[in-house]
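These notes concern the structure reproduced below.
The values are calculated or read from the model by the stated rules, or taken from the named source; none is laboratory data. As the structure is a prediction and not an experimental result, all values here were calculated from the model. Note: ideal-geometry Cβ built from the backbone for every residue, glycine included; neighbour counts use all protein chains shown. For accessibility, only protein heavy atoms count, side chains too; no ligands or nucleic acids. Shrake-Rupley method; radii C 1.70, N 1.55, O 1.52, S 1.80 Å.
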Amino acid sequence: MPTLDARLEAVLGLIRSDVHVDVGSDHAGLPTELVRRGHVRRAIIVELNSGPLEVARQAVIRAGLGDRIDVRAGDGLAPVSPDEVQSASLTGMGTRTILGILNRAGERMPPVLVVQPNDSPAVLRTWARAAGYHLTAEHLAPGFWIYPVLRFERLTGSDPAYAGLPLTAALRYGPHLLRAGGDLLRRQVWDDVVRLTPLAAPGRPAQRDLETAQTALDWCSESTQ
Ligand SMILES: C[S@@+](CC[C@H](N)C(=O)[O-])C[C@H]1O[C@@H](n2cnc3c(N)ncnc32)[C@H](O)[C@@H]1O
């Protein structure tokens, strides 16, 4: 039985829907486990590149799930019809790639998105606030790096997750993560403080980033008192 790493387990835990699309699936580990464990009834895999597309097709056949997982070639959400899926996942990609896919999606955007970028998710949090999505959950998963996992849901009004928090620090480090103040976040913020301290000087971007990290560190300390 294939197992998922902590990163994809964290993603899987945030998905429950009827039909789900996993964009950029490659090994198909996430969608096969979503179907097997009953988190979704059906799944669609979208792959841009022919190599990973074939890997995904073979994995679905090996799992005996060809009747419940549809493998499609294409870019992002383009091969999915409007209203065909209730949720989408985009994992193991750079923030720019994810943002490009979301910006091209138009009316194909589902109401729930779970993303796991390989770099800072700050721009995704900023994008979500402008695009009418609330950040309903976020985790940090241990692995080769510390992987951020975020769940967004299309909802009206301003996102309550940010209420009462310093906005720049919340966008950089995550409002739910700041409130929780866990060990992985603390490590991440502390690494930033150590990296930025020798670079910071008045007027430099590093100075602003260091102040953001110090604000986040204060919040982490407060949340455990
Ligand atoms: C590093 S793999 C991640 C695999 C898997 N999602 C994971 O998290 O382990 C990224 C995959 O995204 C695919 N990809 C990149 N851009 C894409 C796009 N615009 N549309 C669909 N797939 C894309 C690549 O072909 C590659 O297979």
Worksheet item: Can you pull the percent of the chain's accessible area that's carbon plus sulfur, 1.4 Å probe, other chains left in place?
Response: 53 percent
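Quote the relative contact order of the chain in percent (integer), defining contacts as alpha-carbon pairs under 8 Å separated by 6+ residues. Can you show the working numbers first?
Details: 402 pairs, mean separation 33.4, N = 225.
Worked out over the chain, it gives 15 percent.
Quick check on the chain: take the gyration tensor over C-alpha atoms, sort the square-rooted eigenvalues as a ≥ b ≥ c, and tell me if it's rounded (a/c under 1.5), prolate or oblate.
Details: a/c = 2.07, a/b = 1.87, b/c = 1.11.
Here the chain falls in the prolate category.
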Worksheet, complete the sentence: Helix 183-196: inclination vs the chain longest Cα principal axis, degrees, rounded to 10, gives 60 degrees
Worksheet item: Given only helices, namely DSSP H runs of n ≥ 4 each adding -39500 (n - 2.57), what is the per-residue ellipticity at 222 nm of the chain, to the nearest 500 deg cm²/dmol?
Response: -12500 deg cm²/dmol
Discussion item. Just the number please: accessible area per residue for the chain, 1.4 Å probe, all protein chains included, in Å².
Written reply: 48 Å²
Worksheet, complete the sentence: Heavy-atom accessible area of Glu9, protein chains in place, probe 1.4 angstrom, given in Å² to nearest 10, is 70 Å²
Worksheet, complete the sentence: Residues meeting the amide H criterion for Val71 (H placed from the backbone, H to H distance under 5 Å, 5 or more places apart or on another chain) are Ile45
Fill in: Packing-based order for 198-210, 62-74, 104-116, using average beta carbon neighbours within 10 Å, highest first
104-116, 62-74, 198-210
Worksheet entry | Alpha carbon centroid spacing (whole Å) that separates region 166-225 from region 12-44 | 33 Å
